[in-house]
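Please read the structure below before turning to the comments.
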Amino acid sequence: MNKKYLAITGGSRGIGFSVAKKFIQNNAKQNLILISKNHEHLSSAKKKLQEINPNVDIITIATDLSSHSFVKDLNILKELSTNSNSQINGLIFSHGKSFSKILLSSSEQAIAENIDLNLTANMLLTKYFLKNFFLRPNLISKPSDEKDEFKTHQNTEKTDGISIINISSVIAIKGNMGQSIYAAGKAGLIGFTKSLAREIGGRNIRVNCVLPGFIDTDMTRDIPIELKAKFIDDMIIKRFGDPEEIADACYFLHNNKYITGQALTIDGGLSV
């Protein structure tokens, strides 16, 4: 029987940790690959998750996703890619970093770093897993004959069914003062999700994204009380969301075989 692994970025804390917890609580045979920047946070997350399910196999990878060189740190997974008894059955990209500064005050370096982490990293991670795990080499098209190659193999040698989920943000569709750069990266994830769903849907790979509103995590706990009250006042459901509520959505999208190319907003009615 194949060992199935779910790869989660940002999996050591916040939404990512809640996603990992949700999956192992609901599927005793689900194993995990946790990717995050901090060694200590990863070790702590692994310990907590194995207390919930002692049988879960957890691979941890500490790497900086804002650097394009992070791909080399994924080489630890090469053995997994050549093991016929193991497979990765999903990707959930929950990494990211908020950036609050108006465009005119932002340096080119800060802009590039934020886009690299919140958008480019998702593209590079997806490309890595597609090439090394999900698609056979002969199914990867060459630029010169991309359309014909795609049509030829669209309905052949399908995977068992893979789910890719990008975590975007409600700011991508609502906008927010001082977050034009952050919004640009997160909005890019929506377009990336929809187009990628078209590109690889014929290989039985589904791609969706989740747009959380303000969620009670480390990222939002430093928001001043006055500003937090203003955000809540704009919501229909008068509170910040729980990470578990985002995890519920990810679990649903991962398991539903008829949803792809969609952007699911979970924001307590903030964007209405």
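Computed from the coordinates by the stated procedures, all read-outs in this text should not be read as laboratory data. Predicted model only: the values in this text are computed from it and were never measured. When we count neighbours, we look across all protein chains shown, and the Cβ atoms used for this are built from the backbone with ideal geometry, even at glycine.
Observations on the structure shown:
- Flagged links, alpha-carbon separation over 28 Å, of Lys194/Lys230; Lys101/Lys230; Lys46/Lys230; Lys29/Lys238; Lys48/Lys228; Lys4/Lys127: Lys194/Lys230; Lys46/Lys230; Lys29/Lys238; Lys48/Lys228
- Computed label-point distance, nm, for sites Ser67 and Leu124 using a 7 Å Cα→Cβ extension: 1.0 nm
- Spin-label model distance (nm) - Glu245 vs Lys47, 7 Å beyond Cα toward Cβ: 3.1 nm
- Prolate/oblate/rounded label for the stretch 157-272 (Cα gyration tensor, a/c 1.5): prolate
- Placing R0 at 22 angstrom, the Cβ-Cβ distance between Asn132 and Asp57 gives a FRET efficiency of 0.70 after rounding to 0.05.
- Net length gained if the chain between Asp233 and Asn85 were fully extended (0.36 nm per residue, minus Cα distance): 48.1 nm
- Averaging 1/r over every pair of different alpha carbons in the stretch 207-266 and inverting the result gives a Kirkwood radius of 12.8 Å.
- Convex hull volume of the Cα atoms of the chain, normalised per residue: 142 Å³.
- Cα-based shape type of the stretch 1-142, given that a ≥ b ≥ c are square roots of the gyration tensor eigenvalues and the cut on a/c is 1.5: oblate
- Placing pseudo-labels 7 Å out from each Cα toward the beta carbon at Ala112 and Asn26 gives an inter-label distance of 4.1 nm.
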